[in-house]
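First the structure, in the form of structure tokens, and then the observations on it.
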Amino acid sequence: MSDDTHLRRASWPPSLSRPVASPLHQSVVYASPDPDALDAHYRGQEPGYTYSREGHPNATVLAGLIDRLEGAPGGAITGSGMAAITAVLLGVPRSGDHVIGADQLYGRSLRLMTEDLPRLGIDTSLVDTTKVENLARAMRPETKLILVETLSNPTLRVADLQAIAALARDRGILLAVDNTFTTPRGFRPLASGADITLHSVTKLLAGHADAMLGYVAARDPEVQARLDTVIATFGLTPSPFDCWLAERGLYSFDLRYRRACETAARLADALAGTRGVKRVIYPGRPDHPDHATAMTVFAGQGGNMVSFLLDGGRAAANALTRAAPGLAFAPTLGDIATTLSHPPSSSHRAMSPEARQAIGITEGFFRVSVGVEEAEALIGELTGAIRAAVRT
Ligand SMILES: *Cc1c(COP(=O)(O)O)cnc(C)c1O
């Protein structure tokens, strides 16, 4: 048998032209010419990659694009939004430190705050961050970090992030903002005085419900270096394929977001005039409790998320999702298509009905993540389903 029937790793064909779309580098490991070159790479003197848990080109490209949107000096991509939050919570505080979080953080973030940080000797407090005084009261000499979200889920309350940033800076406490719900087009945490901005890229930025990723960027390069180390050490690294999908999704992010925000504002008004809807929660509407704050903090944008209270209990809620088969009933947000979620049976199921009631989440509570569908058709479908649901 001649040697050329024996398969070896192929060499990449040479080409004078280059691909227009970013190539997918689905490789775990990278070969270097010699030990000197590897040394130069590890010392940061030469660009390159070695082992993809430490970094790979598809993550670099995606991080660079989100850096531009966020105005960040050099953020990192992680394997999920929770991985980005984990990097911050493991990278910033030490045992003996104290961390303050918003009491309506994303469910898994709340779990990290209430179960996992205390287990590591890090004390935590949760406060209603729509009032800055609550934060000031919770601060202690050992407080090192504050974690807030731009919009609370699913009640869409707005914290006065500029005031929180000023207070945190005054006390020398790092402020981390989970910017998933508003995106860098709604709010730019680093430009508003926050120290760390982070995302579930899974949601609006990637935007197609097919890639799970996170992003985290610190203003201070030393803090970023700590986050980068935690990401590589704890294995919070993203997959190249997910980065590649998210890069493709991100190019249409502006178009998708603008359209979704416009439709969301119209949908919110239409829902407010629909029989069977008890209450509409949309920061862009003057009847929202934080409307004025939202208009200042988010530069006049209401976002793509609309929550509403349907008349009736679980039976009416079941009837609604069944009457709207074209709208995915799915516990996520930010997909190109509109999705409907029901917090009492998903994100907030671990809470007692009384605790849910206390923050206004009753069985009729729905959250809509508005997508890019034609507005009239979407509004007709949802209001029609509501009318049918409350009739049954
Ligand atoms: C979804 C979400 C997360 C978690 O992100 P994953 O990508 O699902 O890990 C964190 N924060 C907020 C606000 C989210 O909506």
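What to note about this one:
- Electrostatic dipole magnitude of the stretch 1-108 [Cβ: Lys, Arg +1; Asp, Glu -1; Cα centre; debye, to 20]: 260 debye
- Full-stretch length increase - ARG119, ARG140 - with 0.36 nm per residue and alpha-carbon distance subtracted: 5.6 nm
- Residues in the stretch 238-316 average 42 Å² of solvent-accessible surface per residue, probe 1.4 Å, ligands and nucleic acids excluded.
- Helix-only mean residue ellipticity at 222 nm for the chain, each DSSP H run of n ≥ 4 adding -39500 (n - 2.57), per residue, nearest 500: -11000 deg cm²/dmol
- One decimal place: the segment GLU376-THR229 gains 48.1 nm when fully extended, by the rule 0.36 nm per residue minus the C-alpha distance.
- Size of charge dipole - the chain - debye, nearest 20, with Cβ of Lys, Arg +1 and Asp, Glu -1, no other charges: 1100 debye
- The residues of the stretch 42-174 expose, per residue, 43 Å² of accessible area to a 1.4 Å probe.
- The per residue volume of the convex hull around the alpha-carbon atoms of the chain is 182 Å³.
- If the segment from ARG18 to ALA299 were pulled out straight at 0.36 nm per residue, it would be longer than the present Cα-Cα gap by 97.2 nm.
- Note on VAL29 and ARG391: their simple-model spin labels are 6.5 nm apart, each label 7 Å out from Cα toward Cβ.
- Dipole-positive endmost among LEU126, ALA83, ILE66 within the stretch 44-165 (Cβ charges, Cα centre): LEU126
- Treating r as the C-beta distance of SER11 and ARG68 and R0 as 35 Å, the FRET efficiency rounds to 0.55.
- Sorted from greatest to least, the principal axis extents spanned by the alpha carbons of the stretch 236-356 come out as 45, 32, 30 Å.
- Taking the accessible area of the stretch 97-235, probe 1.4 Å, and keeping the other protein chains in place, the carbon and sulfur fraction comes to 49%.
- When the Gaussian network model of the chain links Cα atoms closer than 10 Å, the mean-square fluctuations of GLY214, GLY74, GLY326 top out at GLY326.
- The largest accessible area among LEU310, LEU110 belongs to the first residue in LEU110, LEU310, and the rest follow in falling order (1.4 Å probe, all chains).
- Within the chain, DSSP assigns beta bridges of which about 55% are antiparallel (rounded to the nearest 5).
- Share of carbon and sulfur in the accessible heavy-atom surface of the stretch 239-325 [1.4 Å probe, %]: 52 percent
- Simple spin-label estimate for ARG108 and HIS291 gives 3.6 nm between the two label positions (7 Å along the Cα-to-Cβ direction from each Cα).
- Counting only Cα atoms, the stretch 1-83 measures 58, 31, 31 Å along its principal axes, largest extent leading.
- Using a Förster distance of 35 Å, the FRET efficiency for GLU222-ALA358 (Cβ separation, nearest 0.05): 0.30
- Relative to the dominant Cα principal axis of the chain, helix 221-234 is inclined by about 80°.
- The spread of Cα positions in the stretch 1-145, taken along each principal axis and listed from longest to shortest, comes to 76, 32, 32 Å.
- Dipole-positive endmost among LEU245, GLY44, GLY360 within the chain (Cβ charges, Cα centre): GLY360
- Think of each Lys and Arg Cβ as +1 and each Asp and Glu Cβ as -1; about the Cα centre, that makes the dipole of the stretch 254-364 roughly 220 debye.
- Partner aspartates and glutamates whose Cα lies under 17 Å from the Cα of LYS278, excluding those fewer than 8 positions away in the same chain, are identified as ASP269, ASP287, ASP311, GLU363.
- Local net charge near ALA323, Cβ-Cβ under 15 Å (Lys/Arg +1, Asp/Glu -1): +3
The values are calculated or read from the model by the stated rules, or taken from the named source; none is laboratory data. Please read all numbers here as calculations on a predicted model, not as lab measurements. Using ideal geometry, Cβ is built from the backbone for each residue, glycine included, and neighbour counts are taken over all protein chains shown. Just the protein is used for accessible areas: all its heavy atoms, side chains included, with ligands, DNA and RNA removed. Shrake-Rupley method; radii C 1.70, N 1.55, O 1.52, S 1.80 Å.
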